[in-house]
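A.B. asks: For reference, the structure I am asking about is given below.
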Amino acid sequence: MEALSLLVAAEPIVKDPNSVGGGLTALGAGLAYGFAAIGPALGIGNLVGKSVEAMARQPEAAGMVRTTMFLGIAFTEALALIGFVVFILLKFA
């Protein structure tokens with residue numbers, strides 16, 4: 001446990017923000033957000049496509065399908081927002 005507390009209390013090796021370490025942090029944060037946005041984008045595209053297909057097949061159920069679609073979009077978009085928060089944490093931490 002003492003080693004862990006020493007690691008947490010240790011100062012960073014790179015103190016210059018314009019050094020290579022800062023650039024790699026920005027690159028990693030950008031890649032993290034990019035990869036975090038791919039999944040929700042594919043999920044929302046698939047969700048909306050299937051919902052439109054369902055509404056075309058059964059127009060009388062369009063209201064229920066639309067409500068469920070918007071709930072699914074909200075939950076899927078939450079994944080992209082979590083990825084953005086991780087991006088911000090990596091960028092400024």
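A.B. asks: Could you check the spin-label model distance between residue 92 and residue 79? Points 7 Å from the Cα along Cα→Cβ, value in nm.
C.D. replies: 2.6
A.B. asks: Can you put 60, 77 in order of Cβ neighbours within 10 angstrom, beginning with the fewest?
C.D. replies: In increasing order of surrounding Cβ atoms, one gets 60, 77.
A.B. asks: Same structure, new question: Find, to one decimal place in angstroms, the Kirkwood hydrodynamic radius of region 38-93, where the mean of 1/r is taken over every pair of different Cα atoms and then inverted.
C.D. replies: Roughly 12.5 Å, rounded to one decimal.
Each value in this text was obtained by applying a stated rule to the coordinates, not by laboratory testing. All figures in this text were calculated on a predicted structure; none of them were measured in a lab. Note: ideal-geometry Cβ built from the backbone for every residue, glycine included; neighbour counts use all protein chains shown.
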